[in-house]
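Structure, as structure tokens:
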């Protein structure tokens, strides 16, 4: 009897959890320099909040980030694993 193994694609969150300290440090530096992942979904309600000078609620940003983390990881650009 053969056991069929399902391959579940690695998510972006899985990819981050698998990073060594050097790769994680570079990833965090990219975020701080605004060159990192673009997880914002630019929701209309966020623009309304900004227009009212209310600022965007952190919970709204967290929801977009959680969705970004749950998406399938993209292949590294140029095959560079730094």
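Bear in mind these aren't lab numbers, they're just calculated from the coordinates by the rules spelled out. These numbers come from a predicted model, not from an experiment. Note: ideal-geometry Cβ built from the backbone for every residue, glycine included; neighbour counts use all protein chains shown.
The figures follow:
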{"quantity": "Calculated FRET value between residue 45 and residue 14, using beta carbons and R₀ = 25 Å, to 0.05", "calculated": "0.30"}
{"quantity": "Net lengthening on full extension, residue 53/residue 23 (0.36 nm per residue, minus Cα-Cα)", "calculated": "7.1 nm"}
{"quantity": "Sorted by Cβ neighbour density within 10 Å, fewest at the top, the residues 43, 17, 12", "calculated": "17, 43, 12"}
{"quantity": "Sorted by Cβ neighbour density within 10 Å, fewest at the top, the residues 69, 24, 53", "calculated": "53, 24, 69"}
{"quantity": "Size-normalised alpha-carbon gyration radius of region 12-72, reference 2.2 N^0.38 Å", "calculated": "1.31"}
{"quantity": "Residue exposure sequence - 27, 47 - by fewest surrounding Cβ within 10 Å", "calculated": "47, 27"}
